[in-house]
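Enquirer: Have a look at the structure that comes next, please.
Any read-out appearing in this document is the output of simple, stated calculations on the displayed coordinates, not a laboratory observation. Since we're looking at a predicted model, the values are computed, not measured. Using ideal geometry, Cβ is built from the backbone for each residue, glycine included, and neighbour counts are taken over all protein chains shown.
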Amino acid sequence: MVGPPAPTGEHRAAMRGAVVQVVRDLVIERVPPAARSPYFDRALALLDVAGWGLDELVEAAGEGPARDRLLRAVGLAEN
């Protein structure tokens, strides 16, 4: 599947945070538009490419191995 390229360098940490914010927005509690990361829409596109189901996203909403797997799936794993 082809999607938006994962960021490199200084934007990786910001994108990781945005991915977590989008996951939490989808499965825990809505994030008001004014409080969203500037990378929110791009992170949403990365999640779409990952193709994860709701059950997987619920697990990834908290810290742990599921979140790590998600970040790897979207090309944002910490090196």
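Enquirer: I'd like the GluC sites (Glu not before Pro) in the stretch 4-78 restricted to DSSP loop residues with at most 10 other Cβ atoms within 10 Å, sorted by number. Walk me through the numbers before you get to the answer.
Expert: Details: sites: GLU10, GLU29, GLU56, GLU59, GLU63, GLU78; in loops: GLU10, GLU29, GLU63, GLU78.
Within the stretch 4-78, the qualifying GluC sites (Glu not before Pro) (loop, at most 10 other Cβ atoms within 10 Å) are GLU10, GLU29, GLU63, GLU78.
Enquirer: May I ask which residue of PHE40, GLY53, VAL23 lies farthest towards the positive end of the charge dipole of the chain, with charges of +1 (Lys, Arg) and -1 (Asp, Glu) on Cβ and the Cα centre as origin?
Expert: My answer, from the dipole projection, is PHE40.
Enquirer: Where is the GNM fluctuation largest for the chain (alpha-carbon springs, 10 angstrom cutoff): ALA45, ALA35, ALA60?
Expert: Result for the chain, Cα springs under 10 Å: ALA35 fluctuates most.
Enquirer: Another question, if that's okay. Whole Å is fine, so just give me how far the alpha carbon centre of the stretch 59-79 lies from that of the stretch 13-44.
Expert: Rounded to whole Å, the Cα centres lie 14 Å apart.
Enquirer: Using unit Cβ charges (K, R positive; D, E negative) and no other charged atoms, how large, in debye to the nearest 20, is the dipole of the chain about its Cα centre? Mind showing how you got there, number by number?
Expert: On the way: 9 positive and 11 negative charges, 38 e Å.
Computed about the Cα centre, the dipole is about 180 debye.
Enquirer: Report the gain in length on full extension from VAL58 to GLU29: 0.36 nm times residue separation, minus Cα-Cα distance, nm rounded to one decimal. Walk me through the numbers before you get to the answer.
Expert: Values: separation 29, 0.36 × 29 = 10.44 nm, distance 1.14 nm.
Working it through step by step, the gained length comes to 9.3 nm.
Enquirer: Continuing with this model, one more query. What is the sum of charges around LEU71, taking Lys and Arg as +1, Asp and Glu as -1, for the other residues whose C-beta is under 12 Å from the C-beta of LEU71?
Expert: Working: positive: ARG12, ARG16, ARG67, ARG69, ARG72; negative: GLU63, ASP68, GLU78.
Residues near LEU71 contribute +2 overall.
Enquirer: Using a Gaussian network model of the chain with C-alpha springs under 10 Å, which one of GLY53, GLY17, GLY62 is most mobile by mean-square fluctuation?
Expert: Sorting by GNM fluctuation, first place goes to GLY53.
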